[in-house]
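*Asks:* Structure provided below as structure tokens; questions to follow.
The values are calculated or read from the model by the stated rules, or taken from the named source; none is laboratory data. Because the structure is predicted, anything quoted here is derived from the model rather than measured. Reconstructed Cβ throughout: ideal geometry from the backbone, glycine too, with neighbour counts over all protein chains shown.
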Amino acid sequence: MFSSLRIRNYRLFAGGQMVSNTGTWMQRIAQDWLVLTLTGSSAAVGITTALQFLPMLLLGLYGGVIADRLPKRRLLLVTQSAMGLTGLALAGLTLSGHVQVWHVYLMALLLGLATVVDNPARQAFVAEMVGPRDLRNAVSLNSANFQSARLIGPAVAGVLISAVGSGWAFLANGLSFLAPIAALLLMRRDDLHEVEPTPRGKGQLRDGLRHVAGRPELLWPIVLVGFIGTFGFNFPIWLTAFVDEVFHGDAGTYGLLNTLMAAGSLAGALLAARRGTSRLRLLVGAALLFGLLEITAAAAPVFWLFALLLVPIGMFGMTINVTANSTVQLAADPAMRGRVMSLYMMVFMGGTPLGAPLVGWITDAYGARTGFLAGGLISAGAALAVGLMLARIGGLRLKVDLRRGRPRVAFVERAPRKKQKQLAAMV
């Protein structure tokens, strides 16, 4: 489960990211609650989320080109520093009492611009630290790291917001970036599996898109996470609305719900770290169950049932993320990994500017339950559609055996061609 941690560079990276991720989750909770306090609108929370991810939608592919062209460790030193400065700026505005909602919007946008380059560089840098053999385990542990911070960050943020206000959470996040910067500086360059940077040239973005379009094992996982990232992962909107309108809670209640979801996500990440391989059927099945659980939670009549359902929602959501991420990274050509991962992150995170305002409007107009229900229906529908498409391309058919004593439902091959056999093995 923890095999990647035997590598010194990755241990440094994981420790720095744990500190930084905790600060990031503190800021996310504080930011959502501050916007809701300033405006009283779920749609405003959606706009903040949209602005943070809008640069990824518009510029994400160019971030991947930059990540492939430049040494990734040096690039991460720049992006992590820039992200820390946005937290410190928001802390100064809030603690001085001058913060307005447009300040939050601006900082969210600037953070998004830094993320355009940081995300593909950081995703591809994992392979350079651990090599292909430990890549799947390292991706899973990165997710476990992120979700462990999600357990701590919201709880600490809830206490800070209730006791002294949002500004201190922003300050903690800004200072937390000192940890990953120090980790990057302390790494041994000779131990890295560095990929030679791609020389500047024409058509590199198109080359990356053609690489994905010609590989179903890359294309369809990206399509699926695009739908789920756009419509199924709008939890800041839904949870603030449920806390405020349905269960009439406060910032502490909001932090508790995020912590419960993080507990499920952490379990999902650790289970993924134990798996030796990940199949595409696992990705599709997890996405289907994720959508069905969101539909169930939307109708939960009491707080405790809604809160408990967030645990498996977090677990299956993380299973989707880890399985898709590791599948795409391992299937991509190393020289194009930055561009492929930028496309992956663009559709996963960059779809939020399209989905968040729409979901926020539905939530404001028709209520929190309807907004959550819509996200679940779209996620489940996308899982079914992508699953059927992968089965068709892979030359698979559904076989149902209901003989007494051995009921069985499975996909079986139908005399596939060579390329279909390769995809069928992954499914």
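*Asks:* Within segment 188-214, how many residues are outside any helix (DSSP H, G or I) and either surrounded by 17 or more Cβ atoms within 10 Å (Cβ to Cβ) or not assigned by TED's automatic domain parsing to the domain that holds Asp134 (or both)?
*Replies:* 3
*Asks:* Also, quick follow-up: Output the residues belonging to segment 28-71 that are among the basic types (Lys, Arg) and within 20 Å of the chain's Cα centre (by Cα).
*Replies:* Arg28
*Asks:* Please give the helices (runs of 4 or more DSSP H) falling wholly within segment 283-367 in which 1 or more residues are crowded, with 24+ Cβ neighbours inside 10 Å and modelled with pLDDT of 90 or more.
*Replies:* Counting at least 1 such residues, we get 303-331.
*Asks:* Can I ask one more? Check whether at least one residue in segment 81-88 is in a helix (DSSP H, G or I), in contact with a Gly (Cβ under 6 Å, 6 or more places away or on another chain) and surrounded by 19 or more Cβ atoms within 10 Å (Cβ to Cβ), and report yes or no.
*Replies:* Yes.
*Asks:* Does at least one position in segment 113-125 carry a residue that is in the same structural domain as Gly252 (by TED's automatic domain parsing) and part of a loop (DSSP other than H, G, I, E, B)?
*Replies:* no
*Asks:* While we're here: Asn258 - would you say it is buried (at least 21 other Cβ atoms within 10 Å of the Cβ), at pLDDT below 85 and either more than 30 Å from Leu93 (Cα to Cα) or assigned by TED's automatic domain parsing to the domain that holds Met107 (or both)?
*Replies:* Considered against the rule, which asks whether it is buried (at least 21 other Cβ atoms within 10 Å of the Cβ), at pLDDT below 85 and either more than 30 Å from Leu93 (Cα to Cα) or assigned by TED's automatic domain parsing to the domain that holds Met107 (or both), Asn258 comes out as yes.
For every residue, the table says whether it meets (1) surrounded by fewer than 19 Cβ atoms within 10 Å (Cβ to Cβ); (2) within 22 Å of the chain's Cα centre (by Cα); (3) more than 30 Å from Val65 (Cβ to Cβ); (4) free of Cβ contacts under 8 Å to residues at least 24 places away in the same chain.
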residue: His103; (1), (2), (3), (4): yes, no, yes, yes
residue: Leu113; (1), (2), (3), (4): no, yes, no, no
residue: Val116; (1), (2), (3), (4): no, yes, no, no
residue: Asn119; (1), (2), (3), (4): no, yes, no, no
residue: Arg133; (1), (2), (3), (4): yes, no, no, yes
residue: Ile152; (1), (2), (3), (4): yes, yes, yes, no
residue: Ala163; (1), (2), (3), (4): yes, no, yes, yes
residue: Phe170; (1), (2), (3), (4): no, yes, yes, no
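*Asks:* Consider Leu75 against the criteria (1) more than 30 Å from Asp134 (Cα to Cα); (2) part of a helix (DSSP H, G or I); (3) more than 20 Å from the chain's Cα centre (by Cα): it satisfies all of them except one. Which criterion is unmet?
*Replies:* Failing condition for Leu75: (1).
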